[in-house]
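Below: one structure, written as structure tokens.
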Amino acid sequence: MSASGGIVIIGAGEAGGRTALQLREAGFDGPVTLVGDEIHLPYERPPLSKDALTDADDTAPRAITSPEAVSAANITFLPSATATSIDRETKTVLLADGVELAYDSLVLATGASPRRLPMAGDIRHCVYLRTHDDALRIRAGLARGGHVAIIGGGFIGLEIAASARRRGCDVTIIEAQPRLLMRGVPAGIADVIQREHESHGARVLLGTGLASISDTGEQALITLADGSTLLADLVVIGIGATPNTALAEAAGLAIDNGISVDQHLRTSDPSIVAVGDCASFPAALFDNRRIRLESWRSTHDHARVAATNLAGGEAVIDAVPWFWSDQYGLGLQVAGLADEGVTLVRRDLGDDAFILFSVAADGRLVAASGIGPGNAVARDIRLAEMLIAKRAHSGSAPARITRHETEGTSRLNN
């Protein structure tokens with residue numbers, strides 16, 4: 001079997017799936033083939049750490065499209081198919097079952113995989129979350145109750161911790177860094193998140209390394225670096241993700257914390273683009289610093305830019321990075337890159353909601369991190385996002401910034 005040219009997309013996650021659909025909206029009328037290693041149609045991943053773990057009736061992933069829509073768009077979907085190699089000279093992709101797909105343009109949407117914890121090995125009580133099937137396995141573990149240990153205090157680990165508490169499990173969060181969300185948000189917001197988890201009964205261990213994990217039969221025995229131990233019925237490991245670059249690397253494409261692409265999402269081969277979690281790109285807003293984003297918004301941005309360009313356009317990836325997380329009743333949103341700032345400016349919004357603005361050395365607003373009940377910070381984060389996109393300086397903000405050296409954080413005064 002061989003496809004006759006057109007566009008082949010390897011990876012049927014949200015980035016790959018949306019790229020396929022966007023190609024039709026952009027006016028591309030040639031063959032489109034979408035190759036996915038799961039049986040499912042492309043689906044959203046944010047629910048995997050939330051509703052998919054707490055809703056016993058949620059047995060199917062939240063698909064971004066339907067079989068009817070895929071058929072109507074004349075997209076060939078190949079589920080449970082794995083690409084094993086790319087021949088750039090002949091412009092073909094070889095699948096594990098021997099099928100060879102020819103392409104005119106190739107899209108790599110290979111995503112990322114959970115970073116593995118070597119000491120966990122193949123201990124059956126230790127699990128990772130990336131796919132819907134992973135979520136079902138974790139949900140089954142939560143349904144049995146008992147003690148759940150979360151290794152890693154990042155967004156995924158914390159969202160799973162909140163879901164586990166909702167299911168009535170005892171929860172211990174183990175983080176090697178001195179605080180939660182070390183790379184994601186300023187300390188002031190991490191402190192609020194920690195208090196929220198503790199107020200709901202979770203135990204949070206910070207600055208705590210692991211010595212070993214072993215299988216006792218019914219449980220996992222976790223030995224911490226200080227020699228103390230704890231038993232867990234389920235150990236969920238959330239210590240980050242690594243981009244899936246093996247296929248691209250074997251094909252000789254440039255790799256730099258992911259598949260290296262330019263502002264148009266083109267790889268070092270002009271016939272191949274990369275989108276989503278697997279791609280690193282130059283962020284124009286931040287002096288072309290190369291970044292890789294694992295976020296729902298980023299997949300949408302990449303799909304739009306890639307499809308536009310594959311249909312003959314010249315779109316660039318220039319959106320402000322944006323991320324959100326829901327934990328218990330709190331909504332957290334981040335726009336921009338907080339680590340680009342040297343000064344924090346706080347603005348209280350009332351009702352226990354606030355935003356920390358990150359300001360660069362030259363006074364330019366580079367990030368805004370907000371937290372509060374529900375969507376309390378959504379409007380202000382959106383305004384900040386627009387200011388970041390305009391490269392606004394603090395003097396351009398809708399309120400006057402004054403800096404106070406109290407608690408290490410400045411305040412925004414109206």
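The values are calculated or read from the model by the stated rules, or taken from the named source; none is laboratory data. Everything numeric here is computed off the predicted structure, so don't read it as measured data. Because the Cβ atoms are built from the backbone with ideal geometry, glycine has one as well, and the counts that use them run over all protein chains shown.
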Leading residue by the ranking (nearest to ILE156 (Cα to Cα)) among those in segment 287-318 that are among the hydrophobic types (A, V, I, L, M, F, W, C) and surrounded by 20 or more Cβ atoms within 10 Å (Cβ to Cβ): LEU293
Given (1) touching a residue at least 60 places away in the same chain (Cβ under 8 Å); (2) in contact with a strand residue (DSSP E or B) (Cβ under 8 Å, 6 or more places away or on another chain), number of the condition ARG304 does not satisfy: (2)
Residues of segment 276-290 that turn out to be small (Gly, Ala, Ser), free of Cβ contacts under 8 Å to residues at least 60 places away in the same chain and in contact with a Lys or Arg (Cβ under 9 Å, 6 or more places away or on another chain), as a count: 2
Test result for LEU247, in the same structural domain as SER85 (by TED's automatic domain parsing), touching a His at 6+ places or on another chain (Cβ under 8 Å), touching a residue at least 40 places away in the same chain (Cβ under 8 Å) and within 20 Å of ALA15 (Cα to Cα): no
Candidate set from segment 103-131 (those that are over 13 Å from LEU34 (Cα atoms) and in a strand (DSSP E or B)); member that is farthest from the chain's Cα centre (by Cα): CYS126
Those residues of segment 76-102 which are in a loop (DSSP other than H, G, I, E, B) and either touching a helix residue (DSSP H, G or I) at 6+ places or on another chain (Cβ under 9 Å) or farther than 16 Å from GLY252 by Cβ (or both), in sequence order: PRO79, SER80, ALA81, THR82, ALA96, ASP97, GLY98, VAL99
Qualifying residue in segment 190-202 (condition: more than 23 Å from the chain's Cα centre (by Cα), of a type in the set (A, V, I, L, M, F, W, C) and within 16 Å of TYR328 (Cβ to Cβ)): yes
Residue list for segment 138-168, filter: surrounded by fewer than 24 Cβ atoms within 10 Å (Cβ to Cβ), in a loop (DSSP other than H, G, I, E, B) and under 18 Å from the mean Cα position of the chain (by Cα): GLY154
Conditions (1) in contact (Cβ under 8 Å) with a residue 40 or more places away in the chain; (2) surrounded by fewer than 15 Cβ atoms within 10 Å (Cβ to Cβ); (3) in the same structural domain as ARG88 (by TED's automatic domain parsing): number failed by VAL273: (2)
Near pairs, Cβ below 7 angstrom, 6+ apart or cross-chain, from segment 202-216 (closer than 20 Å to GLN327 by Cβ and assigned by TED's automatic domain parsing to the domain that holds GLY227) to any residue that is among the hydroxyl-bearing types (Ser, Thr, Tyr) and buried (at least 16 other Cβ atoms within 10 Å of the Cβ): ARG203/THR172; LEU205/THR172
Filter pass, ALA135 being part of a helix (DSSP H, G or I) and among the small types (Gly, Ala, Ser): yes
Output for segment 169-185, where each listed residue is within 21 Å of the chain's Cα centre (by Cα) and crowded, with 22+ Cβ neighbours inside 10 Å: ILE173, ILE174, GLU175, LEU180, LEU181, VAL185
Condition broken by PRO118, with the remaining ones in (1) in contact (Cβ under 8 Å) with a residue 60 or more places away in the chain; (2) closer than 18 Å to GLY240 by Cβ; (3) surrounded by fewer than 16 Cβ atoms within 10 Å (Cβ to Cβ) satisfied: (1)
Pick from segment 45-70, criterion exposed (fewer than 14 other Cβ atoms within 10 Å of the Cβ) and touching a strand residue (DSSP E or B) at 6+ places or on another chain (Cβ under 9 Å), ranking: farthest from ARG137 (Cα to Cα): PRO67
